[in-house]
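The values are calculated or read from the model by the stated rules, or taken from the named source; none is laboratory data. If you're wondering where the values come from, they're calculated on a predicted model, not measured in any experiment. Cβ: placed from backbone, ideal geometry, glycine included. Neighbour counts: every protein chain shown.
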Amino acid sequence: MMTTEPPGTVLVVDDTPTKRYILGSWLRRAGHRVVEATDGRQALTLVHEIAPDVVVLDVRLPDIDGYEVCERIKADPQTAALPVLQISAHAIAVADRTRGLDRGADAYMAEPIEPEEFIATVHAALRYSRARTRAERIAQRLRQLTQVTLEINSAATFGALMRTAVEGAASIMGRRSGALAVALDGRIRRYTAMEPGGEAVRLNAPSDILDRVTRLVLGESAGTAELSMSRAAWLDFLPDSDTRADVSAVVSRTKAGRPPVYLGVEGMEPLDPDELDILKQLGQTIALAVDALRAYAEEHLIALTLQRSFLPARVPQVPGLELAVRYQPAVDNVEVGGDFYEVLPLGDRLLVGIGDVQGHSLYAATVMAELRHGLRALAVEGCHLGKILGRLNDLLRQHHPSMTATVCLLLIDPVDGSVEMSNAGHIPPVIIGDGAAHYHGWGNLLIGAATETYRVDRFTLPSKGALLLFTDGLIEDRDVPLDRSMEVVRQLAVAFDKDPEQFCDRLIDHFGAREDDVAVVALRRTR
């Protein structure tokens, strides 16, 4: 009897020894492995113990009838896909066959049965079962692939991305997995997941291994190529590898000239076409994600360099004052922000300014640069602070009518501690002295919004007293009221010590990484 269907394990359930022998003989001659059960309870136990490919089930059993046994098999999620072929020499009416099929049987045969028909029916059940199992396995792997892809694309660092990738590959393929890629610093990184479900570890890698592997299958071109290598050949490439079998892998590159990515698994058994397709998709996902992360890092560096070019190149040394400044870009923002500070000696006095142009974009940074340069020009001309803010307000309303900005300016005499201040909608400065700290008070309307006359306040900074100015990026949190965060800063400022640099570090560290740019200016009278 010829068949193209690979043999399987068949559980024959019948309380009659003669029938078990006959059915078993037919199945064995067809190449199948046969396991026998004499009643329903034994059959249900063996279904879980041996995981058969098909169950041949008599309808009339001494303990549980075949209808109920079939129903229990189909009700269990672990065995619901198991094909059940019911056979009976007595329950042969249309109603009996209908009952059997309604309660879960995949086929129903009435005796007497011809051997050819019986074996053909078993083979049909096997084909159906294996096709369904394969489809379910592919669907499960595709669900896993989707989840791993989402996790790869949401990884914030190169290390997290690669660990997620190799752990995901090991979990999807059920094999040891390893990956090679060029990190953001230009060095080769190697990650391995020793077992499916285990954590990935980073290992050392020869500096030329990725180039050598890529030349074998991909050369200098873009795309994804398959790679199969014996264990011995792989050990020539990577002598410290503890691989136990041959290697099946893919090498992916998004564009010519870009660094490639290698992703491989142990091939205890060769990968089937579906597994290879999934490995290719995962390799392409890793290559794209690494390129995106590299592009993000490069853009962030460019944005940060541009941002810093708009800020003062150095902090002036002013007798009688100690100064410290900080600029911290938003942790996840590639775009240039509009925060700025200014420290400019004007004769015997020092002009200190801080501001924040709305938005994060090159346009916001350009407006910020215009305001800074305008501020410097007006200050050098000798304009008093209120007029400077008025002129900046006119500039913004005329040339950038869609933009607004907050600006706070202070003109400080380090000899007697006298301070002039004009504030356009910015968080007021914190004044520290004699063991206390307080905000000076809110000023006028921010610039760019409407016509406004900006007043100038005057006060004296006590001997050894200090001032603190900052942008709202330092304290803004979605779930915390602004006045509560301002109070936190005030309490921290009470402990302003002799070193403004150390205080700025403590202040930044207290609030941690921010979602917005942060600028801080701290100064202290030393006489």
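If you check E111 against the conditions, is it at pLDDT below 90, out of contact with any Gly (no Cβ under 6 Å at 6 or more places or on another chain) and over 20 Å from S129 (Cα atoms)?
So E111 fits the description; yes.
Can you spot a residue in segment 71-82 that is touching a Leu at 6+ places or on another chain (Cβ under 9 Å), in a strand (DSSP E or B) and closer than 21 Å to A131 by Cα?
no
What residue, of V488, V419, V430, is in contact with an Asp or Glu (Cβ under 8 Å, 6 or more places away or on another chain), closer than 23 Å to F503 by Cα and among the β-branched types (V, I, T)?
So the residue among V488, V419, V430 that is in contact with an Asp or Glu (Cβ under 8 Å, 6 or more places away or on another chain), closer than 23 Å to F503 by Cα and among the β-branched types (V, I, T) is V419.
Check A135, A155, A181 and return the single one that is over 23 Å from the mean Cα position of the chain (by Cα) and of a type outside the set (S, T, Y).
Testing whether each residue is over 23 Å from the mean Cα position of the chain (by Cα) and of a type outside the set (S, T, Y) leaves just A135.
I'd like the full set of residues that are loosely packed, with under 12 Cβ neighbours inside 10 Å, of a type in the set (A, V, I, L, M) and over 51 Å from the mean Cα position of the chain (by Cα), limited to segment 63-119.
Matches in segment 63-119: A93, V94, A95.
Picking from V407, V380, V357, which residue would you name as being assigned by TED's automatic domain parsing to the domain that holds S485, under 27 Å from A330 (Cα atoms) and modelled with pLDDT under 95?
On inspection, the qualifying residue turns out to be V357.
Among the residues of segment 500-527, how many are in a loop (DSSP other than H, G, I, E, B) and without any contact (Cβ under 8 Å) to a residue 60 or more places away in the chain?
Selection size over segment 500-527: 1.
Mind listing whichever residues of segment 232-259 are without any contact (Cβ under 8 Å) to a residue 60 or more places away in the chain, more than 15 Å from T192 (Cβ to Cβ) and in a loop (DSSP other than H, G, I, E, B)?
D246, T254, K255, A256, G257, R258
Of the conditions (1) part of a strand (DSSP E or B); (2) among the aliphatic types (A, V, I, L, M); (3) in contact with a helix residue (DSSP H, G or I) (Cβ under 8 Å, 6 or more places away or on another chain), L392 satisfies every one except a single condition; which number is it?
Going through (1) part of a strand (DSSP E or B); (2) among the aliphatic types (A, V, I, L, M); (3) in contact with a helix residue (DSSP H, G or I) (Cβ under 8 Å, 6 or more places away or on another chain) one by one, L392 breaks only (1).
Consider segment 207-237. How many of its residues are surrounded by fewer than 19 Cβ atoms within 10 Å (Cβ to Cβ), farther than 17 Å from K280 by Cβ and not small (G, A, S)?
So the answer is 10.
A369 passes all but one of (1) at pLDDT below 90; (2) closer than 30 Å to V318 by Cβ; (3) touching a helix residue (DSSP H, G or I) at 6+ places or on another chain (Cβ under 6 Å); which number fails?
That leaves (3) as the condition not met.
Have a look at P259, P329 and point out the one that is surrounded by 14 or more Cβ atoms within 10 Å (Cβ to Cβ), at pLDDT 90 or above and not aliphatic (A, V, I, L, M).
Of the residues listed, the single one that is surrounded by 14 or more Cβ atoms within 10 Å (Cβ to Cβ), at pLDDT 90 or above and not aliphatic (A, V, I, L, M) is P259.
Can you tell me which condition A179 does not meet? The list is (1) without any contact (Cβ under 8 Å) to a residue 40 or more places away in the chain; (2) hydrophobic (A, V, I, L, M, F, W, C); (3) part of a strand (DSSP E or B); (4) closer than 21 Å to A297 by Cβ, and all the others hold.
(1)
Residue pairs, Cβ under 6 Å, 6 or more apart or interchain, first in segment 319-346 and closer than 16 Å to E370 by Cα, second part of a strand (DSSP E or B) and at pLDDT below 80. List them.
Note: pairs meeting the criteria are G337/H360.
Any idea which residue in segment 463-484 is surrounded by the fewest Cβ atoms within 10 Å (Cβ to Cβ), counting only those that are outside any strand (DSSP E or B), under 33 Å from the mean Cα position of the chain (by Cα) and in contact (Cβ under 8 Å) with a residue 24 or more places away in the chain?
Here the residue is E476.
Quick check: is even one residue across segment 137-148 touching a strand residue (DSSP E or B) at 6+ places or on another chain (Cβ under 9 Å) and in a helix (DSSP H, G or I)?
no
Can you tell me which residue among A105, A110, A125, A91 is aliphatic (A, V, I, L, M), touching a residue at least 12 places away in the same chain (Cβ under 8 Å) and touching a Pro at 6+ places or on another chain (Cβ under 7 Å)?
A125
Restricting attention to segment 100-126, report how many residues are closer than 16 Å to V10 by Cβ and touching an Asp or Glu at 6+ places or on another chain (Cβ under 6 Å).
Looking only at that region, the number is 3.
How many residues does segment 190-228 contain that are of a type outside the set (S, T, N, Q), in contact (Cβ under 8 Å) with a residue 40 or more places away in the chain and part of a helix (DSSP H, G or I)?
Count: 2.
Report yes if V12 is assigned to a strand (DSSP E or B), surrounded by 16 or more Cβ atoms within 10 Å (Cβ to Cβ) and in contact (Cβ under 8 Å) with a residue 60 or more places away in the chain, otherwise no.
Taking the combined requirement at face value, the residue does not satisfy it.
Do you know which residues across segment 423-462 are under 25 Å from A513 (Cβ atoms) and in a loop (DSSP other than H, G, I, E, B)?
Hits for segment 423-462 are H426, I427, P429.
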